[in-house]
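A quick write-up on the structure given underneath.
The values are calculated or read from the model by the stated rules, or taken from the named source; none is laboratory data. Quick caveat, the model's predicted, so the values are computed rather than measured. Note that we place each Cβ from the backbone using ideal geometry, even for glycine, and neighbour counts take in every protein chain shown. The area values use the complete protein model at the heavy-atom level, side chains included, leaving out ligands, DNA and RNA. Shrake-Rupley method; radii C 1.70, N 1.55, O 1.52, S 1.80 Å.
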Amino acid sequence: SSIGMGRSSFVGVYWRNEWGAHDFDLSGVFPYEDIRIGWNAGYTTSDERVVYSGDMTDAKPEASEILYFRNGAPDGFIFVNRFNGDEGASYRLFFGAGEPEEKADHMVVSSHRGKEFGVSEMDIRVEADMTSDVREQLVGYISGERFYFMSLGIGRGAVSHKAHEYPLHEALEARRMCAVNLRKLLLDAGAIECAKEAADVEIDLSEHALTRTSLSDLFK
């Protein structure tokens with residue numbers, strides 16, 4: 001599955017200590033520009049197209065780390081590493097559109113150099129509950145300013161590295177090109193596409209309505 005990134009978007013990871021880990025780390029690796037963004041690398045690109053919220057090392061009672069993308073995003077990979085926690089720990093991946101704001105109620109909050117800020121829950125478009133089976137997971141990649149969701153165990157590293165280079169991107173692009181177009185498949189099967197304002201649709205697969213069971217519900 002994929003979603004367009006637009007001019008201002010974000011991807012983040014949320015967790016709680018009782019889910020099995022104290023510290024998850026979110027990072028972005030952009031090999032074509034030789035850039036890595038994360039807690040032990042740069043916090044922002046030179047043009048501030050990508051900005052990292054900051055390192056959270058304990059989720060009492062909760063924590064999140066966020067990557068913001070402005071004016072589009074370079075092609076690359078998004079990783080979640082389990083720095084301190086148990087195999088099988090859980091976390092929540094989320095993606096949305098909008099700018100970071102000062103901390104307020106009903107926000108997913110992170111911290112950057114002592115200043116708390118967050119993203120409105122209303123701006124979150126997609127959420128997915130994930131399991132950390134291995135310490136390093138590829139949770140998405142960016143190509144042509146679209147974010148492609150994934151869950152791929154990469155290895156046992158506590159942090160990501162810029163060594164994830166072109167062959168991985170090329171392999172993922174080849175996989176993407178073999179993907180089935182769900183819209184075409186449903187239309188061929190007899191579904192009728194409705195206008196966005198229609199209120200009596202039987203199946204709503206618009207981006208704001210998608211859940212983790214939307215696709216499996218089609219087969220009920």
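Overview of values
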| read-out | value |
| --- | --- |
| Only listed residue being under 20 Å from residue 150 (Cβ atoms), within 14 Å of the chain's Cα centre (by Cα) and open to solvent by 10 Å² or more (accessible area, probe 1.4 Å), chosen from 14, 32 | 14 |
| Residues (outside any loop (DSSP other than H, G, I, E, B) and either open to solvent by 30 Å² or more (accessible area, probe 1.4 Å) or farther than 20 Å from residue 98 by Cβ (or both)) located in the stretch 35-50 | 35, 36, 42, 44 |
| Verdict on residue 141 being over 20 Å from residue 21 (Cβ atoms), open to solvent by less than 30 Å² (accessible area, probe 1.4 Å) and modelled with pLDDT of 85 or more | yes |
| Pairs where the first residue, in the stretch 87-102, is over 18 Å from residue 26 (Cβ atoms) and modelled with pLDDT of 90 or more and the second is open to solvent by 10 Å² or more (accessible area, probe 1.4 Å) and of a type in the set (A, V, I, L, M, F, W, C), C-beta under 8 Å, 6+ apart | 87/134 |
| Enumerated strands (runs of 3 or more DSSP E) restricted to the stretch 52-102, each holding at least 1 residues that are among the aromatic types (Phe, Trp, Tyr), more than 22 Å from residue 123 (Cα to Cα) and over 17 Å from the mean Cα position of the chain (by Cα) | 76-85 |
| Qualifying position, being modelled with pLDDT of 85 or more, open to solvent by 10 Å² or more (accessible area, probe 1.4 Å) and over 19 Å from residue 28 (Cα atoms), among 123, 133 | 133 |
